[in-house]
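Engineer: Handing you a structure now.
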Amino acid sequence: MTVNAPSATQIKDLYARMLLTRIVDDYAWRMHAQGHIDFVASCRGHEAAQVGSAVCIEVGKDFTLPYYRDLGVMLTIGMTPYEVFRNYLQIHCPKLRPEDEQKLQTIPHWGYHKHNTVTVPAPTATQILHAAGIAFACKLRKAPIVTVAYCSDDTTAEADFLEGIRFAAHHQLPVIFICEQDCTAETTHPSHMQSIELPPGLTHQRIDGCDIVTVYTAMQQATQHTRSGQGPVLLEMTVTRFAPPLLQAQQDEDDSNDPLRRCKHHLVEQGLWDETWAKELHKLFSMEVERAMQDALRDELL
């Protein structure tokens with residue numbers, strides 16, 4: 001099994017995808033501040049883990065089960081910024097009575113059925129069982145299809161998570177489980193899998209989820225592994241979650257693990273960083289996302 005590191009052109013493409021994700025996330029927070037939407041589950045700091053893995057998914061063939069922070073996954077597999085904003089607006093209920101606010105689930109649960117993206121329910125970890133079931137069906141049909149399920153580190157303590165990975169390992173299913181572990185408040189970054197008895201037959205790898213090259217390479221290896229019938233893979237990706245732009249002024253954050261900054265460093269090392277290109281890209285994406293937001297707000301009023 002041979003996996004090559006991404007080329008310079010691919011790294012620039014990955015940077016662009018992460019930048020788009022960051023800008024869409026920023027605009028979602030702007031909509032929240034203006035009262036257009038109720039809640040934003042920011043992916044700021046998760047961009048490398050999400051984009052670097054999702055870009056390896058064969059869209060329309062493989063199955064994807066994202067969790068609620070996976071904005072970068074959704075944009076990478078084809079959802080447009082306009083569709084993202086419409087998704088947020090559809091769950092906004094401005095006329096709720098105070099006593100009813102806690103009864104409504106306002107977290108967006110992503111789905112994009114035309115690209116084989118499955119909408120998961122609110123209970124944590126259920127998507128792990130669903131992913132194992134989908135992978136089992138694909139194996140019975142002898143289809144070279146990979147199922148990819150994302151989750152947060154909190155999910156690993158749930159019974160559904162444990163049963164899902166055990167079932168996948170027992171049947172050697174073509175499924176990849178991606179756990180985005182938030183290490184923002186930790187200094188030693190212990191693995192959340194240390195307290196779990198991982199089943200035999202499950203390949204587990206813990207990687208730096210802030211580094212787009214590392215994520216891309218690990219995910220390429222994982223997809224080759226599972227697609228060739230060698231069993232399930234669990235990728236534990238450590239990330240550093242950052243505050244949204246509206247709150248950054250109130251916090252003193254170390255941005256050394258910012259995925260965009262780390263990716264820029266890769267390009268600088270190769271002598272391929274172009275400041276003019278980066279500024280023009282940011283300007284172009286900002287204009288496109290601004291237009292998408294305005295269109296979504298306009299259509300919501302129709």
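Any read-out appearing in this document is the output of simple, stated calculations on the displayed coordinates, not a laboratory observation. The structure displayed is predicted, hence computed values, not measured ones. Ideal geometry is used to build each Cβ from the backbone, glycine not excepted, and the neighbour counts take in all protein chains shown.
Engineer: Measuring from centroid to centroid over Cα atoms, what is the spacing of the range 1-46 and the range 136-160 in Å?
Structural biologist: The range 1-46 and the range 136-160 have Cα centres separated by 24 Å.
Engineer: What length, rounded to one decimal in nm, is gained on full extension from SER191 through to SER256, with 0.36 nm per residue of separation minus their alpha-carbon distance?
Structural biologist: Taking 0.36 nm per residue and subtracting the Cα distance, the gain is 21.3 nm.
Engineer: Let me ask another. Taking a spot 7 Å from the Cα of THR80 along the direction of its beta carbon, which residues of the range 47-61 have an amide N less than 19 Å from it?
Structural biologist: Answer for this model: 60.
Engineer: In addition: For the chain, what percent of Cα pairs sit more than 28 Å apart?
Structural biologist: When every Cα pair of the chain is considered, 38 percent fall beyond 28 Å.
Engineer: While we're looking at this one, here's another question. Grab the Cα-Cα distance for THR2 and LEU301, subtract it from 0.36 nm times how many residues apart they are, and report the gain in nm with one decimal.
Structural biologist: Taking 0.36 nm per residue and subtracting the Cα distance, the gain is 102.4 nm.
Engineer: Just to confirm a number: summing +1 for Lys and Arg and -1 for Asp and Glu over residues other than PRO232 whose beta-carbon lies under 12 angstrom from that of PRO232, what do you get?
Structural biologist: Once positives and negatives cancel, what remains is +3.
Engineer: Kindly provide the pair-distance distribution of the range 147-246 built from C-alpha pairs, with 5 Å bins from 0 and whole-percent values in order of increasing distance.
Structural biologist: Per 5 Å bin, starting at 0, the Cα pair percentages come out as 2, 13, 24, 24, 18, 11, 5, 2, 1, 0.
Engineer: Which of LYS114/LYS142; LYS61/LYS279; LYS61/LYS264 have a Cα-Cα distance over 26 Å?
Structural biologist: As for pairs spanning more than 26 Å Cα to Cα, those are LYS61/LYS279; LYS61/LYS264.
Engineer: Also, I was wondering about something else. Using 7 Å Cα-to-Cβ label points, what is the GLN270/ASP154 separation (nm, one decimal)?
Structural biologist: Placing both labels 7 Å along Cα→Cβ, they lie 3.7 nm apart.
Engineer: Excluding residues fewer than 8 places away in the same chain, name every one of the aspartates and glutamates whose C-alpha is closer than 13 Å to that of LYS139.
Structural biologist: ASP62
Engineer: Starting from the Cα of LYS12, draw a straight line to each of the aspartates and glutamates and keep only those under 17 Å, dropping any in the same chain fewer than 8 residues away.
Structural biologist: GLU47, ASP211, ASP258, GLU269, ASP274, GLU275, GLU280
Engineer: Continuing with the same structure: Just want the ordering: THR226, THR9, from fewest to most Cβ atoms lying within 10 Å of their own Cβ.
Structural biologist: Placing the least packed residue first, the sequence is THR9, THR226.
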